[in-house]
Every structure is written in C-alpha cells, then in structure tokens.
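Here's the structure, in structure tokens; my notes come after.
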Amino acid sequence: MADFDIRPTGGPIGAEIIGLDVSKPVSDTVFSDVESAFYRHSVVVIRDQTLSPAQLAAFSRRFGQPQANVRAEIQKGDVPEITLISNITENGKRIGSHDAGRYWHSDLCYLDKPSKLTLLHALEVPVRDGVAYGDTRFASMAAAYDALSDDLKEWIDGLKAANSYRYMWNKKAHEFGVRPVLSDKELEKYPPDAIHPVVRTHPVTGLKCLYVCEGYTRESVDMTEAESAAVLRQLFEHVVKPDFLYAHNWRLGDLLMWDNCAVQHKATFDYEPPLRRLMQRCTIEGSVPF
Ligand code: SIN
C-alpha cells in the first residue's frame, strides 16, 4: 500500500498526489502507482517538492529518456535535460524561455518521436494578494475526440498533418516579439516538419486522441490549402471547449506531469514583473505516433 494520497479532480483530467517526496529514491512499487495515476488522469501534480535540477532529472528518467531541448540557450547549465521557463531577466539576459506555452500545443510534436510526458516544477510562482497567477490550462484530447460527430470522425480518420517548429518560431516572433524573426536559411538549424496522424492512438491506454494543435500544426497533408485550413480551424476551436478543460493553479513546489498524447496545454500570461515566475522542466521521449 502506498503511504501517499492520490486525489482526482473529478473532471476528465487531473489529480494531485500528497505525501510523496521524489527527491529521495522512489521504490518500483511507488513509481508504478504514480505511473498508473499518470496514465489514468493525464495531468498529475505531486505537491510540495524541493528538487535540484539533478534531482528533477533523476526522477524524470524513471519515465524514460529525457530529451535535449532544441534551444540550448534555455538549458539549465550543467544538467542539459533541464530547461527553464520564466519571465525573469537577470543582468539584461532572459533566464529561460519567456514565451513558452503561448499557444495550445503538445510538447515537441514537431519531432518524429514527440514527448511522452513533461515534468514542470514550480520554483517561483507569481502571487498577488494571496492569488496565484500564471495557470497552465489543459485540454483532454481523448474527450475532444469522443465528442466529435461520427461524420467528422470518419472524415479525419487516416488524415496526417505537418507539425512544424519553424512555422511556430516565426508565428511567435511576429505575434509576441520576444524572439527574433528568422529567415528560412536561419530556421534550417531547427528540425524539419514531422508528419503525424491527426487522430493518434494512445500507446498505453489505447484511447483515440486528437493530435493537432494551433501552435505547431501547419497544415493537413493530402488536401488543398483551403480544405486544410478549414478542417484545422474547426478542430482547433473544438479541442478547447470548456467540457474538455482543466486549469492548474500553481503552488510553490508543485511538480506537474502531463501526458502529451492525452492532453494539450497552454500557459496563461496574466502577470508581469515585478511578479516572478520560474519553472524547471524536463520532457521524456515518446514513441512514433500511430
Ligand atoms: C509549456 O508550454 O511547456 C509551459 C507551460 C507553462 O509555463 O505554464
């Protein structure tokens, strides 16, 4: 019997784990309980964690192979698999990514083997008058798929789409101005587009999940540009309907883990300096979507 509590939110996604310290060695039995909760609830927070980058990397490795981020400049120094997400600037230099999570997305879906899960640990949370800002919102892609009409399910079955880091880069650069606009030549140092099914099967639960996102999905292949734009617009609007959503309101020390096949997510930018937000993150490689 595990001596920690797992408390589901009661919605389609989300649970919290209380009373577990992952900075210490975690037995196989305990890890198996955590992993089962993770696949059952898709977004799970382990509360009250104090973790160095090395400790976060060590716990993350229990799930599989950590991925090096394509942006070396947001790595956390001596632990290459840990990156920082923050709004903090120190000595004129941004620490970490200042514009991560601006669009709904699934992590690293632009790679042939996208992230299976992401672990995000709250080191600083923006709080004013007792209210924490900077929620991360999640949308269940299994619930979103289930709710489609049979006609639409039939239409999108077997479709593939291009997921593009390069497309996302310049979209973000133009819209938010945090990163520079790059030429096609400059973008070549980043991965080429990955073609993935629009509906993928979860490799563990077997559930069908929608796998297109406004952040990275550039076009649906094998159709005209106009058809692709129309189907993607319809799906992007559909996946974020309130019934499929869960908002994580952060507390200091939260270690949040999410399943990048079962959900997509988006950060909330409702705080500004002097309020500070600092997160350390690790992503774990998944399998080729099918
Ligand atoms: C992300 O998109 O990975 C970051 C989410 C967040 O900062 O809330």
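The values are calculated or read from the model by the stated rules, or taken from the named source; none is laboratory data. As the structure is a prediction and not an experimental result, all values here were calculated from the model. Here the Cβ is made from the backbone with ideal geometry for all residues, glycine too, and neighbour counts use every protein chain on show.
Return the residues of segment 118-129 that are within 13 Å of the ligand (Cβ to nearest atom) and charged (D, E, K, R); say none if nothing qualifies. Walk me through how you get there before you give the answer.
Quick first cut of segment 118-129, residues within 13 Å of the ligand (Cβ to nearest atom) only: 118-126.
Within segment 118-129, Glu124 is the sole residue that qualifies.
Checked against the criterion of being within 24 Å of Asp99 (Cβ to Cβ), modelled with pLDDT under 95, surrounded by 13 or more Cβ atoms within 10 Å (Cβ to Cβ) and β-branched (Val, Ile, Thr), the candidates Val221, Val239, Val212, Val178 yield just one match: Val178. Checking every residue in segment 4-24 against the condition of being polar (S, T, N, Q), within 20 Å of Arg251 (Cα to Cα) and surrounded by fewer than 21 Cβ atoms within 10 Å (Cβ to Cβ) gives at least one match.
Quick one: would you say Ser42 is within 25 Å of Asn249 (Cβ to Cβ), at pLDDT 95 or above, in contact with a Cys (Cβ under 7 Å, 6 or more places away or on another chain) and not assigned by TED's automatic domain parsing to the domain that holds Leu207? Against the criterion (within 25 Å of Asn249 (Cβ to Cβ), at pLDDT 95 or above, in contact with a Cys (Cβ under 7 Å, 6 or more places away or on another chain) and not assigned by TED's automatic domain parsing to the domain that holds Leu207), Ser42 does not qualify. Restricting segment 120-129 to residues that are out of contact with any helix residue (DSSP H, G or I) (no Cβ under 8 Å at 6 or more places or on another chain) and assigned to a strand (DSSP E or B) leaves a set whose member that is nearest to Phe59 (Cα to Cα) is Leu120.
Of all the residues in segment 86-119, those that are outside any loop (DSSP other than H, G, I, E, B) and either modelled with pLDDT under 95 or on the phi > 0 side of the Ramachandran plot (or both) number 5.
The rows are residues; the columns are (1) surrounded by fewer than 20 Cβ atoms within 10 Å (Cβ to Cβ); (2) among the basic types (Lys, Arg).
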| residue | (1), (2) |
| --- | --- |
| Arg40 | yes, yes |
| Arg62 | yes, yes |
| Gln65 | yes, no |
| Arg71 | yes, yes |
| Gly92 | yes, no |
| Ile95 | yes, no |
| Ala100 | no, no |
| Ser106 | no, no |
| Cys109 | no, no |
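Does Ala57 fit the bill of being surrounded by 15 or more Cβ atoms within 10 Å (Cβ to Cβ), farther than 29 Å from Tyr165 by Cα and not assigned by TED's automatic domain parsing to the domain that holds Arg233?
Numbers: surrounded by 15 or more Cβ atoms within 10 Å (Cβ to Cβ): yes; farther than 29 Å from Tyr165 by Cα: no; not assigned by TED's automatic domain parsing to the domain that holds Arg233: yes.
Answer is no for this residue.
Scan segment 1-23 for residues that are at pLDDT below 95 and in a loop (DSSP other than H, G, I, E, B) and jot them down. Answer for segment 1-23, where residues must be at pLDDT below 95 and in a loop (DSSP other than H, G, I, E, B): Met1, Ala2, Asp3, Phe4, Thr9, Gly10, Gly11, Pro12, Ile13.
Just give me the residues in segment 258-290 being under 21 Å from Thr201 (Cβ atoms) and either out of contact with any Pro (no Cβ under 8 Å at 6 or more places or on another chain) or outside any loop (DSSP other than H, G, I, E, B) (or both), in sequence order.
Our first condition is that a residue be under 21 Å from Thr201 (Cβ atoms); within segment 258-290, this holds for 258-265, 283-290.
Within segment 258-290, Trp258, Asp259, Ala262, Val263, Gln264, His265, Thr283, Ile284, Glu285, Val288 meet the criteria.
The set of residues from segment 247-290 being surrounded by fewer than 18 Cβ atoms within 10 Å (Cβ to Cβ), small (Gly, Ala, Ser) and away from the ligand (no atom under 11 Å from the Cβ) comprises Gly253, Ser287. Within segment 24-44, being under 17 Å from His121 (Cβ atoms), free of Cβ contacts under 8 Å to residues at least 24 places away in the same chain and in a helix (DSSP H, G or I) holds for one residue alone: Val34.
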